[in-house]
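Bear in mind these aren't lab numbers, they're just calculated from the coordinates by the rules spelled out. Remember, predicted model here, so these are calculated numbers, not experimental data. Here the Cβ positions follow ideal geometry from the backbone for every residue, glycine too, while neighbour counts run over all protein chains shown.
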Number of protein chains: 2
Amino acid sequence: MEEKSNKTLQQSGSIHVTKSIRCIVKLGGAAITCKNELETINEENLKTVSSHLRQSMIAGSSSGRVLGMDWSKKSGESDISYTVDDFEDHSVVESSPFIVVHGAGSFGHFQASKSGVHKGGWNRPLVKAGFVATRISVTNLNLEIVRALAREGIPSIGMSPFACGWSTCERNIASADLSVVAKAIESGLVPVLHGDAVLDNRLDCTILSGDVIISHLAAHLRPDYVVFLTDVLGVYDRPPSEPNSILLREIAVAEDGSWSIVRPTLQDLNNQVKTTVAAHDTTGGMMTKIAEAAVIAKLGINVYIVKAATSHALRALSGELKGDIPDDWLGTLIRFASK
Amino acid sequence: MEEKSNKTLQQSGSIHVTKSIRCIVKLGGAAITCKNELETINEENLKTVSSHLRQSMIAGSSSGRVLGMDWSKKSGESDISYTVDDFEDHSVVESSPFIVVHGAGSFGHFQASKSGVHKGGWNRPLVKAGFVATRISVTNLNLEIVRALAREGIPSIGMSPFACGWSTCERNIASADLSVVAKAIESGLVPVLHGDAVLDNRLDCTILSGDVIISHLAAHLRPDYVVFLTDVLGVYDRPPSEPNSILLREIAVAEDGSWSIVRPTLQDLNNQVKTTVAAHDTTGGMMTKIAEAAVIAKLGINVYIVKAATSHALRALSGELKGDIPDDWLGTLIRFASK
């Protein structure tokens, strides 16, 4: 992948991003929360994901003591787990520029769907209440993720899209001031954004998904690569719960946005499945996933869709999959089809 | 106080605030947290303050059922306290435009002071860690305050100054995009800001206090009045814990920024105290409090400093103290000295 540096981002005036963004990571809601348990974090996964992010961002950090940055009161105790001395004899550790975006999972979803926030309309009291309730739930999750990352020594900073001035017009992004994200990156901090309830010029309000945020950030900040951490190994030809479902290993996206499966080859697929890939879209949502990733891949940015908290995820995050994908890596690469 | 409407705010382009801001409220850290207990909210005070704010913002809301907007999972349970039906047969309730800003109290203070965030300097690992830890603590408090307000049916929206793009230059505000605050107000939402750790152009980072935020908001959004909710009745001539300390009831600020005590009269004061008022500043911080309020009063905006969760606070918040201050109101009014 080409080296990028000293880029200039033109957005609401002129913003200079002198640091090249290495990676934008999506923490899928299903991977970090227990999807069927209301407002419950998958603590084990979140801890492993945070550790993987630390190892990927901070060189040489897989050994040695982690200097935690969440100095909150410990639950049920009256003191704080931290000593100043740990930091005083520590040299400055630079983390490479990552941006984290997370979904909602079992946070926010209930509040948003019950009230119809995505449809908008302040004239309905339920919508306004749902808007407030949804933001409370997703910012609660955001805080917990920021804390989990901070405990691993990642200088994570929660940044709610609503507060950062992201708004939409009929659900398409109307404004998104990236200057604060850029400044945080310049300062060596790791912005943590999330799917959020936002204001919409036409509908009053709606839901802005984490995936749309990622596409926007990728288009404007041009990271080296993008990783989607999910609860399955990658993108399958049909719902992964179905028998004989096949993991699509590599998908190439053409200039015109069309895409084709490079691996497994069509021959391999035909040998095993009788129906066409597209026929399964309505149940598996595969087309949607690929379409979102394809927009980013078209920019020349590799997108890795991989199961959170696995060795495959760590390999994708650390950037070791730059060339050909090794056979023992399980996940889906969606890339631009170079001529 | 003069009627204001259809004002235009010029800030980062042109922002139209068609709704006149009625009140900016400061929830003092000492009033809503237990100052000597690490990261502990004064639940009783916070509940009363939230109820007072509801009664002040939403006309006729002192009677009737409150429709809560915090639909989070109840602690220790797996369900959510909420039914859609409550909202469906409810008409739209307009809350009058308030902005809430809160201090840190026992949240954030420990993390900030131990690491020296206010002094800045990314070259010290402790400062960066403290910056992250401070933001975690203050955003945690912000979330809890937003939830307390939402439970009272106030459409509260957490807005962290850092994420909203507030930054400083040698501790003075360098940028503060008020467009998101303005848009939230237009939408009938109640922005809840807070003292925060922010980026500083010269120092790398520092602490932006809630009081500085209030002054800035007041200058640009011109509310009808400003209320500071504290843990004492108002401003005294010396630390209120000292015997014979006297509550200053009314202070007038002149065009040149100088101020004088209108009530009690100097004669009353002299009869009771032997030393001058100013002599007590170093211990009581009275001068600092007055100086902050004086900046706002000079704009022609009345500032009420009053004890949180008292009937005096409710009277100040509801705007009933527009004319002469009644004798049975305990608190401090700081106002512009009209010629």
(request) For peptide B:149-161, compute the average count of partner chain beta-carbon atoms within 10 Å of each residue's beta-carbon. (result) 4
(message) On a full-extension model of 0.36 nm per residue, what is the gain between B:Asp86 and B:Arg65, subtracting their alpha-carbon distance, rounded to one decimal in nm?
(response) 6.6 nm
(request) Determine the alpha carbon to alpha carbon distance for each of A:Lys19/A:Lys322; B:Lys47/B:Lys73; B:Lys114/B:Lys183; B:Lys128/B:Lys183 and list only those over 28 Å. (result) B:Lys114/B:Lys183; B:Lys128/B:Lys183
(message) Residues of the range A:96-117 with backbone nitrogen within less than 18 Å of a virtual label 7 Å along the Cα-to-Cβ line of A:Asn36, please, listed as ranges.
(response) A:105-107, A:109-110
(request) Provide a whole-number value for the mean count of partner chain Cβ atoms within 10 Å of the Cβ atoms in peptide B:65-74. (result) 6
(request) Sketch the reach of a paramagnetic label on A:Asn123 as a point 7 Å from Cα along Cα-to-Cβ, and name the residues of the range B:162-196 whose backbone nitrogen lies under 17 Å away. (result) B:187-188
(request) For B:Asp324 and B:Lys47, calculate 0.36 nm times their separation in residues minus their Cα-Cα distance, and state this gained length in nm to one decimal. (result) 96.8 nm
(request) Round to the nearest 0.05 the FRET efficiency obtained for A:Asn201 and B:Glu94 when R0 = 22 Å and r is the Cβ-Cβ distance. (result) 0.60
(request) Would you mind putting B:252-264, B:101-113 in packing order, based on average other-beta-carbon counts within 10 Å, highest first? (result) B:101-113, B:252-264
(message) Amide H of B:Val262 versus every other amide H placed in the peptide plane: which residues, excluding those fewer than 5 positions away on the same chain, fall under 5 Å?
(response) B:Glu250, B:Ile251, B:Ala252
